[in-house]
Amino acid sequence: MTQSQPEITQEQLEAIAFVGNTLGPLFYHDPASGTTDALFEALGGINVSETAAAWPFAKEAESAEALGLIAVSLREVQDDKTALAEEFRRLFVGPARKAAAPWGSVYTDRESVIFGKTCLDLRDWMGEHGIEVVVKEKHEPEDHIGLMLMLAAWIATNRPELTREYLGLHLLTWAPHFLELMQQEAKHPFYQGLAQLTRATLVGAQEELALDVTVPRFFR
C-alpha cells in the first residue's frame, strides 16, 4: 500500500464480502441445481429503490436499473427456473460456443484459451499467499468470475491486507470488460441486470478505493 492509497475501512471490507458472496454464486451455480434458490428468493423480494440506495459502491441510478431487471425477472420465473438455467448454460457452459465465457484467460490470452496467463498468474499469487479455492470440478480454472467474486469475499474477511492487491492485480484487470460483453450478449433480463450490477459495483469500488489497475490487451 502506498501513501496515496488509504487503508480500506472495515465497512468497505464488509461491503466487498457482501458483494462477493451475493453475486459470485449467481455466476457460478446452475440455477437448476437449487444452490442459489435462497438468493433468487431474496433478490426477487427486494424493494428495488431501498436496495439500490443501500447497495455498495455502485451509483444509485445504475444499481436501481440493474436491480429492477433482476427482481422483476425473478418474480416472473418464480418456481420455474428453466429459462434461467437455459440462459446460464448458453452464456457460460455450452456445449455450443459460450456467449460469455466466464474465465479471465479467454479474454486476456492471445489464443483465448482457458488456463492462460490470467489464470496462471492468479494461481501463482494464491500459492505465494497460501490461499486455496475449492472449485466445483478438479480441473476447473481458478479465474472463473464467480469463483473470483467469492474469493474476493473470502479475502476481505480472512486476509484483508491482501484485498487491494487481489482486486487491482487480478479481478479488476478483466472483469469489467467481461461484464460489459456479458451484458451485451445476455438475452434474459436477469443476466442483463446481473452483468450491469456487478460491473457498476466493481467500477465503483475501483474508484472509491483508489485502486491502481493496469488493463491488459483483450483478444475477445
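The values are calculated or read from the model by the stated rules, or taken from the named source; none is laboratory data. What you are looking at is a predicted structure, and each value in this text was computed from that prediction instead of being measured. Please note: Cβ atoms are built from the backbone with ideal geometry, for glycine as well, and neighbour counts cover all protein chains shown. Just the protein is used for accessible areas: all its heavy atoms, side chains included, with ligands, DNA and RNA removed. Shrake-Rupley method; radii C 1.70, N 1.55, O 1.52, S 1.80 Å.
If I filter region 163-170 for residues that are over 16 Å from ALA100 (Cα atoms) and not in a helix (DSSP H, G or I), do I get at least one hit?
Taking every residue of region 163-170 in turn, none turns out to be over 16 Å from ALA100 (Cα atoms) and not in a helix (DSSP H, G or I).
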(request) Working only within region 58-101, note down all residues that are in contact (Cβ under 8 Å) with a residue 60 or more places away in the chain, open to solvent by 30 Å² or more (accessible area, probe 1.4 Å) and either part of a helix (DSSP H, G or I) or in contact with a helix residue (DSSP H, G or I) (Cβ under 6 Å, 6 or more places away or on another chain) (or both). (result) GLU62, GLU65, LEU69, VAL72, ALA83, ARG90, VAL93
(request) Give just the number: which of (1) in contact with a strand residue (DSSP E or B) (Cβ under 8 Å, 6 or more places away or on another chain); (2) closer than 16 Å to THR201 by Cα does THR51 not satisfy? (result) (1)
(message) Cβ-Cβ distance below 6 Å, separation of 6 or more or different chains: which pairs start in region 34-47 with a residue that is over 21 Å from SER63 (Cβ atoms) and end on one that is open to solvent by less than 60 Å² (accessible area, probe 1.4 Å)?
(response) THR35/HIS29
(request) Inspect region 140-155 for any residue being under 22 Å from ALA101 (Cα atoms), loosely packed, with under 15 Cβ neighbours inside 10 Å and touching a residue at least 60 places away in the same chain (Cβ under 8 Å) and give the result as yes or no. (result) no
(message) surrounded by 15 or more Cβ atoms within 10 Å (Cβ to Cβ), in contact (Cβ under 8 Å) with a residue 60 or more places away in the chain and among the small types (Gly, Ala, Ser): which single residue out of ALA210, ALA205 fits that description?
(response) ALA205
(request) Looking only at region 102-124, decide whether some residue is closer than 19 Å to ALA186 by Cβ, touching a residue at least 40 places away in the same chain (Cβ under 8 Å) and part of a helix (DSSP H, G or I). (result) yes
(request) Collect the residues in region 173-191 that are open to solvent by 10 Å² or more (accessible area, probe 1.4 Å) and within 16 Å of VAL48 (Cα to Cα), keeping them in residue-number order. (result) PRO189
(request) Would you mention how many residues in region 125-156 are touching a strand residue (DSSP E or B) at 6+ places or on another chain (Cβ under 8 Å), modelled with pLDDT of 95 or more and part of a loop (DSSP other than H, G, I, E, B)? (result) 1
(request) Being touching a Gly at 6+ places or on another chain (Cβ under 9 Å) and among the aliphatic types (A, V, I, L, M) is the filter here, so list the residues in region 5-45 that pass it. (result) LEU23, LEU26
